[in-house]
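Novice: Here you go, one structure.
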Amino acid sequence: MELDPVTISFLTLIALFAGFVDSIAGGGGIVTLPALMAVGIPPHQALATNKLQSSFGSLTATLNYSRLGMMNIRDLLLGVVTTLIGALAGSIAVQRFRADSLQHLILLMLVVIFVYTLFSPRLGVEPTAGRVGDIPLYSGAGLAIGFYDGFFGPGTGSFWTMALVLGLGLDLKSATAQTKLFNFISNIVSLCVFIHAGLVLWMVGIAMGAGQMAGAYIGSTMVHRRDVRFVRIFFLIVVSATIFKLIFFG
């Protein structure tokens, strides 16, 4: 399938905005995936191409957060491995089952996250003592959220952020930074599965990837410079937008 230059330019601008949003609070997929389908790309090709372009954004944000001293990739290797395994399983499973059967459960979980965060004004403002250790958290969350991202996707960043804040006691800025590495891993694993299936639209995905990189760099740099309240507000906006999208657009 080929798209005209005007449509590709439009999608690139959409990806720039999505990269900005995703690097701060996750949820870029709720912008880019509907846009890809709106221009006539079939669902499976849209999902595959979305993984390609979002991989550019999550990698850019990861590298920038690491450069800014907000994360140490070597400390997160266990989470990387378990996320890889989970995402691989989810990406294979989604080609055999209908993902929309999870929608009601995911919607409920996002509503709980939104309400809990909204009425917990100190949540993630400062680091606290973790409730579980690194090994149980990264093992469990990596497998579960990695599988979910490979299988379905919306809200992945929100689930990771909340797991890191509640489980390890990270503040929202630190949790946001770590989330991007795990997002990149699940994105790239899913992308490899879709490439093998021949579903990726390369020209569209690479053009959008350029927009994602610009948006992700701007957003991750802004998180570094702003206080945690900015991340909290953005997080609530993105979670509420994801809930709205799932309710009214599926």
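Novice: Pull up the cross-link candidates among the aspartates and glutamates for Lys245, meaning alpha carbon to alpha carbon under 19 Å and not fewer than 8 places away within one chain.
Specialist: Asp22, Asp100, Asp149
Novice: Something else now. Taking a quarter of the surface of the Cα convex hull of the stretch 24-102, what do you get in nm²?
Specialist: That works out to 6.4 nm².
Novice: Dipole magnitude of the chain about its Cα centre, charges +1 at Lys/Arg Cβ and -1 at Asp/Glu Cβ only, in debye to the nearest 20?
Specialist: Result for the chain is approximately 340 debye, rounded to the nearest 20.
Novice: When the distances between all Cα atoms of the chain are binned every 10 Å from zero, what whole-number percent does each bin get?
Specialist: Histogramming the chain at 10 Å steps yields 8, 34, 39, 16, 2, 0 percent.
Novice: ³J(HN,Hα) across the stretch 14-30 via Karplus (A = 6.51, B = -1.76, C = 1.60, θ = phi - 60°), whole Hz, x for Gly/Pro?
Specialist: 4, 5, 4, 5, 5, x, 4, 4, 5, 5, 8, 9, x, x, x, x, 6
Novice: Let me ask something additional. With the contact rule set at Cα under 8 Å and sequence spacing of 6 or more, what percent relative contact order holds for the chain?
Specialist: Normalised by residue count, the contact order of the chain is 41 percent.
Novice: Still on this structure, please answer the following. Take the Cβ-Cβ distance between Cys192 and Phe248 as r, set R0 to 41 Å, and report the resulting FRET efficiency rounded to the nearest 0.05.
Specialist: Efficiency computed from Cβ-Cβ geometry: 0.80.
Throughout, read-outs are computed from the coordinates displayed, never taken from laboratory work. Keep in mind it's a predicted model, so treat the numbers as computed, not measured. Positions of Cβ are generated from backbone atoms using ideal geometry, with glycine treated the same way; all protein chains shown enter the neighbour counts.
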